[in-house]
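Heads up, the thing below is written out as structure tokens.
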Amino acid sequence: MLTDKPLRIFFYFTIIVLSFVILVGCSYEDEFISNSTSPIQSTYFITEQETSLPMTISLSEGESVYLEACDIKLEFAYISIDFPDYGRNTANIKADYNCGNGYTWIEYDSMNGTMRYQAENETNYVFYFNEIYFVDDHYELDFTVNRYYKL
């Protein structure tokens, strides 16, 4: 047993400080700039009946959207950030098509303005990647889906 009062106070103080350090260490939130390890994982399904073009969609890092009308799933996989050039972010997007039998990686650089991506599964859908913006501690990709018409 500890009978020495200063030694007992020291041990209590040490326990309180260690508890506080552990509590702060476990509750610290890393930024959502994760490069391939996104905390958000969800897919939104848009049926053919729900599709009204042009359609603007915003996805957070790790989210994806499946468009039944053109059988394409776009996933905002991760973001690459170029800190020396302020405002230069690159969204890495995975496009799955033909029921997942084909895919391609798209890199959208926010410094280049709007980027156009035409669906590779022989449908007449086109995607316009508009911007990347930071909201509520995570990045979001804003893009528009439309059709193009052959003349």
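Mind listing just one residue for me: the one in segment 43-85 that is aromatic (Phe, Trp, Tyr) and free of Cβ contacts under 8 Å to residues at least 40 places away in the same chain and, of those, farthest from GLY100 (Cα to Cα)?
Residues of segment 43-85 that are aromatic (Phe, Trp, Tyr), as a first pass: 44-45, 66, 76, 78, 83.
Now drop any that are not free of Cβ contacts under 8 Å to residues at least 40 places away in the same chain, which leaves 44-45, 66, 83.
Numbers: TYR44: 16, PHE45: 15, TYR66: 11, PHE83: 34 Å.
Filtering segment 43-85 for residues that are aromatic (Phe, Trp, Tyr) and free of Cβ contacts under 8 Å to residues at least 40 places away in the same chain, the one farthest from GLY100 (Cα to Cα) comes out as PHE83.
One line per residue, one yes/no per condition, for (1) of a type in the set (Val, Ile, Thr); (2) assigned to a loop (DSSP other than H, G, I, E, B); (3) without any contact (Cβ under 8 Å) to a residue 12 or more places away in the chain; (4) within 18 Å of LYS73 (Cβ to Cβ):
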{"site": "ASN92", "(1), (2), (3), (4)": "no, no, no, yes"}
{"site": "ASP96", "(1), (2), (3), (4)": "no, no, no, yes"}
{"site": "CYS99", "(1), (2), (3), (4)": "no, yes, no, yes"}
{"site": "ILE132", "(1), (2), (3), (4)": "yes, no, no, no"}
{"site": "PHE143", "(1), (2), (3), (4)": "no, no, no, yes"}
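Does ILE72 satisfy the criteria of being surrounded by 14 or more Cβ atoms within 10 Å (Cβ to Cβ) and closer than 15 Å to ARG147 by Cα? Talk me through it step by step, then tell me what you get.
Working: surrounded by 14 or more Cβ atoms within 10 Å (Cβ to Cβ): yes; closer than 15 Å to ARG147 by Cα: yes.
Considered against the rule, which asks whether it is surrounded by 14 or more Cβ atoms within 10 Å (Cβ to Cβ) and closer than 15 Å to ARG147 by Cα, ILE72 comes out as yes.
No value in this document is a laboratory result; all are computed from the given coordinates. In this text, all values refer to a predicted model and were calculated from it rather than measured experimentally. Here the Cβ is made from the backbone with ideal geometry for all residues, glycine too, and neighbour counts use every protein chain on show.
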